[in-house]
Amino acid sequence: MNRIWWKEAVIYQIYPRSFMDSNGDGIGDIKGITSRLDYLKYLGVDVLWLSPIYKSPNDDNGYDISDYQAIMDEFGTMEDFDEMLAEAHKRGLRVVMDLVVNHTSDEHKWFMESRKSKENEYRDYYIWREGKDAETPPNNWGSCFSGSAWQYDEQTAMYYLHLFSRKQPDLNWDNPKVRKEVFDMMTWWCDKGIDGFRMDVISMISKTEEMPDGPVTDFYGDYSPYCIHGPNVHRYLQEMNEKVLSKYDIMTVGETPGVTTEQAKQYAGEDTRELNMVFQFEHVDNHGKYGKWDDQKWQLTKLKNILTRWQTELYGKAWNSLFWDNHDQPRAVSRFGDDRPMYREASAKMLATCLHMMQGSPYIYQGEELGMTNYPFQSPDEFRDIESVNAYKEWCLSGEVSHEDFWPCIIARSRDNARTPVQWDDSAQAGFTTGTPWIAVNPNYTEINAKAETEDPNSVFHYYKKLIALRKENPIMVYGKYEPLMEDSEELFVYTRTLDEKKLLTVCNFTDQEIDFTIPEEFVGKSCLIANMENDYSKKEITLRPYEAFVLI
């Protein structure tokens, strides 16, 4: 068994704007992160992934970068970062940066030069095209954040491509100068001592030369066939690995929208010399009546089928990321569990059990370890996320659908659910800030907060702490082979893991009903590794209570 540190690590994602505010301006910052490092060390995580902290005009909360080697003013200074990195390393915590290189901000110096003239030396740093005519973009592609994926620029009377906001022009990775700029910047951060990169939409950096109209979905054409897993993406990642990644002992994870298990073996294969692992979205892409905007719960058999496929098809060939939520997804307990007060804690622990017992690197999104829930939005004015704001305009204000139909869907899936401030204690603004927070604090902070949970040995927090500790003591949780049981059950998620002579059984009740369960013969009388409730697991026949979960070994 080839043991590797990043396979055994548990990663904690920090969304800095909402994590901890140190100066009372209502915005989380780097000093705020430093002030909470002891909490993260106590939880037991190994790696901190920071969403972008670079200089940015904040059109998309930092994913629009204007300077890759400077810190966002609201977050502090490079000295603050250096101090945070040193303090994290003192505590044995590694720090992974968010690498956003599919696009920059339109306020980046490269783009400001690029748009000046067709002859400018930076012109080919971005993707420019002539329109079909004076009024029509080069093709019918839509952006991820509503509207056309093309923006007309009067200075040179051409269009530039932006697969996200119009203030996020896509870089032209076919230009070797762009690749060199990116690799030099990455080297600069690695030399500073960071421990790796999470690479934003890295499967989108290579586009086809031809850019035809795409099949129309909703309002616009789909760019996916031409911009995701493009013709040179693997060549560029292998070049990145050769020039930068292979020179450091770091962790690399590629956010790869649209990836299949076969493609994942190329991005994160054991011997493909690209990335360590992929971050894929198949199990959270539950599209419904208005595209991603949907309020339906997952059907358990479909969810199990997807997760099982990723477990079995990557085994021994590539490495996967394990997650229920992140800064782009609603809160896990509200989506996959049950956030009603009588079930919230049990279902949060059940979801944690189900995920952390699988193979792959587990990710905990800030507040997930507390069982934080979706925000009770009452009005579109409460949204801060550009995707949610634009979607409401495009679907509702256009008259396409009624507010009554669309509202349950957007509040269920809005990215702002994950972006409300971390609930530290029951004081004003949940202890996040002494000022007015940039986005409202969830009003349930008086019941759900870190102070109360760290003091309660039966809390969601302490359950996560125990799961993380067990992973360090039981290599079977990291390296064991996964096998599904009861695949047709719509109530129970059951699987085994096997490593050498050891075998463990994980059983999770995904419902608010009592379910009778027969423990497989080989596990009768085995010891209980962890459980979210008291039960006699030595018996062959047991009744599981709502959202009960246990592991036998």
>> Students often forget the sequence filter, so: which lysines lie under 28 Å Cα-Cα from LYS116 once same-chain residues fewer than 8 apart are removed?
In response: LYS55, LYS132, LYS167, LYS177, LYS180, LYS207
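Calculate for the chain the 222 nm mean residue ellipticity that helices alone would give, adding -39,500 (n - 2.57) per DSSP H run of length 4 or more and normalising by residue count, nearest 500 deg cm²/dmol.
Numbers: 18 runs with 154 residues, N = 553.
After summing the helix terms and dividing by residue count, I get -7500 deg cm²/dmol.
How would the stretch 472-553 be classified by its alpha-carbon gyration tensor: rounded, prolate or oblate, with rounded meaning a/c under 1.5 and the a/b versus b/c comparison settling the rest? Could you put the intermediate results ahead of the total?
On the way: a/c = 1.73, a/b = 1.49, b/c = 1.16.
It comes out prolate by the Cα gyration axes.
Rounded, prolate or oblate: which one fits the stretch 55-122, using the alpha carbon gyration tensor with axes a ≥ b ≥ c (rounded when a/c is under 1.5, else prolate when a/b beats b/c, else oblate)? Walk me through the numbers on the way to the answer.
On the way: a/c = 2.86, a/b = 2.64, b/c = 1.08.
In terms of gyration-tensor shape, prolate.
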> Which helices pass in the chain if a helix is a full DSSP H run, must span at least 27 angstrom along its long axis by Cα, and must have mean Kyte-Doolittle hydropathy not below 0.5?
Replying inline: none
> Roughly speaking, what is the stretch gain from GLU119 to THR446, that is 0.36 nm per residue apart minus the C-alpha to C-alpha distance, in nm to one decimal?
Replying inline: 111.8 nm
> If contacts are Cα pairs under 8 angstrom and at least 6 residues apart, what is the relative contact order of the stretch 54-150 in percent?
Replying inline: 17 percent
>> Per 0.36 nm of contour for each residue apart, how much would the distance between LYS180 and SER527 grow if the chain were fully extended, relative to their Cα-Cα spacing?
In response: 119.4 nm
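Give, as a single signed number, the net charge of other residues whose beta carbon lies under 12 Å from the beta carbon of ASP195, with Lys and Arg counted +1 and Asp and Glu -1. Please list the in-between numbers first.
Values: positive: ARG94, LYS192, ARG198; negative: ASP46, ASP249.
Residues close to ASP195 contribute a combined charge of +1.
So for the chain: antiparallel DSSP bridges make up what percent, rounded to the nearest 5?
Details: 41 of 66 bridges.
About 60 percent, rounded to the nearest 5.
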>> Cut-off under 29 Å on the C-alpha distance; same-chain residues fewer than 8 positions from LYS539 excluded. Which lysines are left, in chain and number order?
In response: LYS304, LYS349, LYS465, LYS466, LYS472, LYS481, LYS502, LYS503, LYS526
> If you look at just the Cα atoms of the stretch 128-277, how large are its Rg and its Dmax in Å?
Replying inline: 16.8, 51
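What's the long-distance tail for the chain, i.e. % of Cα pairs beyond 48 Å? List each step's numbers first, then the result.
Details: 13056 of 152628 pairs.
When all Cα pairs of the chain are counted, 9 percent exceed 48 Å.
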> Over the Cα atoms of the stretch 109-161, what Rg and Dmax result, in angstrom?
Replying inline: 11.2, 31
> Is the stretch 100-210 best put as rounded, prolate or oblate by its Cα gyration tensor, with a ≥ b ≥ c the root eigenvalues, rounded for a/c under 1.5, and otherwise prolate when a/b is larger than b/c, oblate when not?
Replying inline: prolate
> Which whole-number percent is the relative contact order of the chain (Cα, under 8 Å, 6+ apart)?
Replying inline: 13 percent
> If contacts are Cα pairs under 8 angstrom and at least 6 residues apart, what is the relative contact order of the stretch 480-552 in percent?
Replying inline: 30 percent
>> Around THR420, under 12 Å between beta carbons, what's the net of Lys plus Arg minus Asp minus Glu among the other residues?
In response: +2
> Ratio of Rg to Rh for the stretch 166-236, alpha carbon only, Kirkwood?
Replying inline: 1.06
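Laboratory data are not the source of any read-out in this text; all were calculated from the coordinates shown. Model, not experiment: these values are computed from the prediction. Because the Cβ atoms are built from the backbone with ideal geometry, glycine has one as well, and the counts that use them run over all protein chains shown.
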